[in-house]
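The values are calculated or read from the model by the stated rules, or taken from the named source; none is laboratory data. All figures in this text were calculated on a predicted structure; none of them were measured in a lab. Note that each Cβ is placed from the backbone with ideal geometry, even for glycine, and that neighbours are counted across all protein chains shown.
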Amino acid sequence: MKNAGERGRTLADGPSCEVAEWLPHELSPVDAAHEATVVKTWHGPDSRRRALAEASALACVDHAHLASLRGLVDDGRRLGILLPRLSTITARRWLAARGALPAGEAVTLLIPLLRALVHLERRGLDRLVDLASGVTLDDVLFDARGAPIVASLRAAAASGPERLWRTAGGAAAAGRRLVADVTQHLSPGVDRDGLADALSAEPPPELDELVEVVFALAEPTPLTRVAVALDTGGEGDGHALEPPSQGPELRRRLDAVGRRILDSLRTIRPRVWVTCGIVVASCVGALSLLAGSGRDPAPPSAGPASTAGTAPTPGTAPTSRTGETSGTAPTSGPGETARATDPVSGDKAVLAGDDADAAFRLLLRLRAACLHELDTDCLAGVDEAGSPASDADRAAVDDPSRLGTVAVGLVAGDVVNRLGGAVLYDARTTPDDEPASVLMTKTEAGWRLRSISVDAP
């Protein structure tokens with residue numbers, strides 16, 4: 001096959017695989033908008049099979065905390081896969097260098113990894129990929145934001161006639177092992193009784209249960225000393241997290257990074273203006289509707305919309321990602337989680353129907369559950385694709401430390417105005433009780449949230 005690039009210097013070389021720079025002959029706008037690319041190859045006579053196996057697994061996933069497959073190439077020596085360039089510092093080495101880990105950082109590290117395992121399980125890959133023993137802290141690296149990324153998915157040999165088919169449940173076992181490993185690094189003052197009880201429970205907890213237990217530990221806080229781990233050039237002790245302070249090699253790398261950032265900005269800028277234009281158009285449309293109405297319309301005849309958003313009873317409301325109680329989250333227990341990620345036919349009928357008020361209340365509940373689960377697949381059925389609401393919610397899911405910037409809990413209010421397939425609603429945030437405005441539109445897929453704005457106090 002003809003390659004549009006060539007192999008560069010080796011970044012990491014281990015017993016089973018090797019990772020090297022991948023230098024494209026021509027930098028397309030798509031390449032410029034991404035981080036740098038690396039090529040990963042395997043040693044041994046079965047290197048081609050292992051490359052194809054991992055490429056097949058990565059091609060089936062779409063998650064912010066799983067390495068994304070960018071291509072399959074022959075680097076002149078072996079078949080390799082193209083991946084985004086990540087740090088050369090594993091999560092295990094980062095933890096060793098970090099020392100005593102605050103509870104908030106443990107939440108920020110674990111929740112994305114657990115959600116990635118949930119994604120793999122829902123895609124059915126827990127039967128095809130060696131998750132039970134193949135996903136450890138040594139397989140977790142960090143991207144340019146400092147977010148943890150599962151960097152490899154290994155298809156291991158299995159006994160029996162179906163060589164690549166294994167018993168389900170590996171994702172939950174991997175999640176329990178990750179939680180146990182991170183728990184060992186928690187600061188002495190952290191209350192870890194809940195984690196210890198969950199890990200020793202019989203039967204062992206599933207992934208959804210682990211997510212709840214980890215979130216109960218503390219509010220998530222940003223990880224420290226991660227973003228500087230992008231280019232240490234190989235193995236070393238924990239101090240390799242800090243970049244070298246001088247030298248021509250560092251200047252060459254900084255120049256390359258500067259050029260890549262400029263190219264990326266040229267590509268991204270039109271998208272930013274389009275997004276801003278959409279937001280402005282939505283605001284202008286809402287103001288026009290308000291000006292044309294002349295007065296506040298009466299509440300819908302079906303009854304006050306706010307009755308569906310009453311705060312749940314204490315002790316049953318799920319905790320939002322900022323440690324707040326969501327007034328719109330489901331209160332019926334674990335069954336509601338499945339409802340949010342795979343709505344029943346009744347919910348689908350509401351979203352596709354003509355009762356905008358019922359659809360609005362349902363969307364607020366589903367959105368709170370989606371954010372509670374950090375599930376982008378779930379949000380695809382709540383937010384309009386490409387809308388300001390979708391962009392903000394997905395950014396918060398990708399980086400849980402930003403959940404405090406979005407209104408997770410919203411209580412439905414009255415209709416401000418309607419125009420065709422667009423309805424503008426009043427709402428209140430919980431628990432702060434701040435006024436908000438929500439624009440909902442009718443798309444081909446049904447009712448979806450388009451924009452959410454919270455009025456400044």
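Here are a few things to note about the model shown:
- All told, T441 falls short of being in the same structural domain as L363 (by TED's automatic domain parsing), over 19 Å from S387 (Cβ atoms) and among the polar types (S, T, N, Q).
Table: residues versus (1) of a type outside the set (S, T, Y); (2) under 28 Å from T108 (Cα atoms); (3) modelled with pLDDT of 90 or more.
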| residue | (1), (2), (3) |
| --- | --- |
| D354 | yes, no, no |
| A359 | yes, no, yes |
| G386 | yes, yes, no |
| A392 | yes, yes, no |
| L403 | yes, yes, no |
| N417 | yes, no, no |
| D426 | yes, no, no |
| M440 | yes, no, yes |
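The rows are residues; the columns are (1) part of a helix (DSSP H, G or I); (2) buried (at least 16 other Cβ atoms within 10 Å of the Cβ).
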site: G386; (1), (2): no, no
site: A392; (1), (2): yes, yes
site: V397; (1), (2): yes, yes
site: L410; (1), (2): no, yes
site: N417; (1), (2): no, yes
site: R428; (1), (2): no, yes
site: D432; (1), (2): no, no
site: R448; (1), (2): no, yes
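Per-residue answers, yes or no, for (1) closer than 28 Å to L371 by Cα; (2) modelled with pLDDT of 85 or more; (3) not assigned by TED's automatic domain parsing to the domain that holds G175:
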| residue | (1), (2), (3) |
| --- | --- |
| E21 | no, yes, yes |
| V39 | no, yes, yes |
| S47 | no, yes, yes |
| A59 | yes, no, yes |
| A64 | yes, yes, yes |
| L69 | yes, yes, yes |
| P102 | yes, yes, no |
| L114 | yes, yes, no |
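- Of all residues in segment 36-88, those that are under 20 Å from L131 (Cα atoms), among the small types (G, A, S), outside any helix (DSSP H, G or I) and over 21 Å from the mean Cα position of the chain (by Cα) total 0.
- Only residues that are modelled with pLDDT of 80 or more, buried (at least 16 other Cβ atoms within 10 Å of the Cβ) and more than 29 Å from the chain's Cα centre (by Cα) were counted across segment 1-19, and they come to 1.
- Within segment 177-191, the set of residues being surrounded by fewer than 18 Cβ atoms within 10 Å (Cβ to Cβ) and closer than 23 Å to D138 by Cα comprises R177, A180, D181, Q184, S187.
- Residue in segment 118-130 that is modelled with the lowest pLDDT, counting only those that are closer than 18 Å to A64 by Cβ and touching a helix residue (DSSP H, G or I) at 6+ places or on another chain (Cβ under 9 Å): L125
- From the list A157, A218, the one residue that fits, being part of a loop (DSSP other than H, G, I, E, B) and modelled with pLDDT of 75 or more, is A218.
- Whichever residue in segment 176-211 is in a loop (DSSP other than H, G, I, E, B) and polar (S, T, N, Q) and, among such residues, is farthest from E121 (Cα to Cα): S187
- Filter pass, A338 being part of a helix (DSSP H, G or I), modelled with pLDDT under 50 and more than 23 Å from the chain's Cα centre (by Cα): no
- Any pair with Cβ under 6 angstrom, 6 or more apart, that starts in segment 366-390 at a residue that is closer than 17 Å to D208 by Cα and ends at one that is assigned to a helix (DSSP H, G or I) and among the hydroxyl-bearing types (S, T, Y): D375/T341; C378/T341
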